[in-house]
Ligand code: NAD
């Protein structure tokens, strides 16, 4: 349910992610009943990064909840590129594995690009293989990166018109900004991509009907960056530990954030200044509960799509 919250309408990513997960679960049940296929996701993690452990656990648990099989391969921090490549080769060969995801970031001794290129493109459920990136660029059927694909679902299912809109993406990473700009272009938006070298950011972003922040910089997007009534999508997931800044960012709603900082040492915040954005934007995604849940939902969808395409040859 979307809820009125001061000025901007909050877009409920959790609700939309649940909707997508229900669809994926129904599709997985159908594949099993009609074809005896059980889609299977293999998640590979190297080292002890606590955030990566949480992400992978979440992906494995969600798979189980939707009726997908999953495997969690946890390798030691000292794993070499050759050892990881050997595991990827094994997973590539297994008929019962439909999706392979190697959780990033990888330890510095591992050649991440080589590992991502070694994944069978048909099983590349993160959509990072150059073949999938190229196919997506050409508008051909591809496994598309989960966060950008989730943002498109969020916009479409919230009834926000993309065609003809001016969409401004702040950030040009291979994981979010670049593919998202491409997907928006394919849906007929006029797209501007901003980045750390953009001059006078606010002048550019203030022209956007749809403004997407994917920078990893806490509260980079402020009221002055937003055109009144615009849709603002906050992709950032940042750990805030500073109570005074929490008070500034959340104004009257700061107390539970400060309680979280005291309880577990941090609260999750985005790249958009929430209190200022609420007063200017027409619609806004919260953090958490905005884009985040959609990423996992789209990973599940990619896994089922990969299973259907690989095993039945159906696009
Ligand atoms: P990244 O560090 O790879 O890229 C950041 C981008 O922001 C760069 O292109 C850089 O040019 C741009 N940038 C940095 N400072 C800037 C500035 N001052 N002005 C304009 N542009 C600036 O980050 P990423 O992997 O794209 O992630 C971005 C954020 O999104 C992070 O907070 C990350 O945690 C989050 N994220 C969330 C999800 C999700 O599921 N919601 C998924 C991936 C990433």
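Read-outs: derived from the displayed coordinates by stated rules, not from any lab. Just so we're clear, the structure is a prediction, and the values are computed from it rather than from any experiment. For neighbour counting, all protein chains shown are included, and Cβ atoms are generated from backbone atoms with ideal geometry for every residue, glycine included.
Figure the gain on full extension for residue 247 and residue 93 (residue separation times 0.36 nm, minus the Cα-Cα span) and round it to one decimal in nm.
Working: separation 154, 0.36 × 154 = 55.44 nm, distance 5.23 nm.
Residue separation times 0.36 nm, minus the Cα-Cα distance, leaves 50.2 nm.
Spin-label point model (7 Å from Cα, Cβ direction): what's the residue 54 to residue 190 distance in nm?
4.0 nm
Please list 223-229, 164-170 highest first by mean number of surrounding beta-carbon atoms within 10 Å per residue.
Details: 223-229: 17.6, 164-170: 22.3.
Going by the mean number of other Cβ atoms within 10 Å, highest first, we get 164-170, 223-229.
Report the calculated FRET efficiency for residue 160 and residue 80 (r = Cβ-Cβ distance, R0 = 35 Å), to the nearest 0.05. Kindly include the intermediate steps, with their values, before the conclusion.
Working: r = 46 Å, r/R0 = 1.31.
Step by step, r from the Cβ atoms, then E = 0.15.
What is the helix-to-structure angle for 254-264, meaning the angle in degrees between its Cα long axis and the longest Cα principal axis of the chain, kept from 0 to 90 and rounded to the nearest 10?
Taking the Cα atoms of the chain, the angle to 254-264 is about 40 degrees.
Packing-wise, with mean Cβ within 10 Å as the measure, how do 278-285, 299-306 rank, highest first? Don't jump to the answer; show the numbers that get you there.
Values: 278-285: 21.9, 299-306: 26.1.
Answer by packing, highest mean first, reads 299-306, 278-285.
Sort 231, 241 by Cβ crowding within 10 Å, fewest neighbours at the top.
241, 231
Mind jotting down the distance between the C-alpha centroids of segment 84-105 and segment 259-315, whole Å?
Using only Cα atoms, the two centres lie 25 Å from each other.
Rounded to the nearest 10 degrees, what's the angle between the helix 292-312 long axis and the longest principal axis of the chain, both from Cα atoms, 0 to 90?
That works out to roughly 30 degrees.
Please compute the Kirkwood hydrodynamic radius over the chain, one decimal place, Å, based on all pairs of different Cα atoms.
On the way: mean 1/r = 0.0492 Å⁻¹.
Hydrodynamic radius (Kirkwood, Cα pairs) of the chain is 20.3 Å.
Tell me the angle of helix 177-186 to the major Cα principal axis of the chain, expressed in degrees between 0 and 90 and rounded to the nearest ten.
The angle comes out at about 90 degrees.
Considering only DSSP beta bridges whose two residues both sit in segment 36-126, what percent are antiparallel, to the nearest 5? Intermediate results must be reported in sequence, preceding the final value.
Working: 0 of 11 bridges.
Of all bridge pairs located within segment 36-126, approximately 0 percent are antiparallel.
Which of the peptides 232-238, 111-117, 215-221 is most tightly packed, and how do the rest follow, going by the mean number of other Cβ atoms within 10 Å of each residue?
Working: 232-238: 25.1, 111-117: 15.7, 215-221: 19.6.
In descending order of packing, they fall as 232-238, 215-221, 111-117.
Between segment 44-66 and segment 131-162, how far is it from one alpha carbon centroid to the other, in angstrom?
Segment 44-66 and segment 131-162 have Cα centres separated by 23 Å.
Looking at the chain, what % of its DSSP beta bridges pair antiparallel, to the nearest 5? All intermediate terms of the calculation are to be shown ahead of the outcome.
Numbers: 5 of 34 bridges.
Bridges in the chain that DSSP calls antiparallel: roughly 15 percent.
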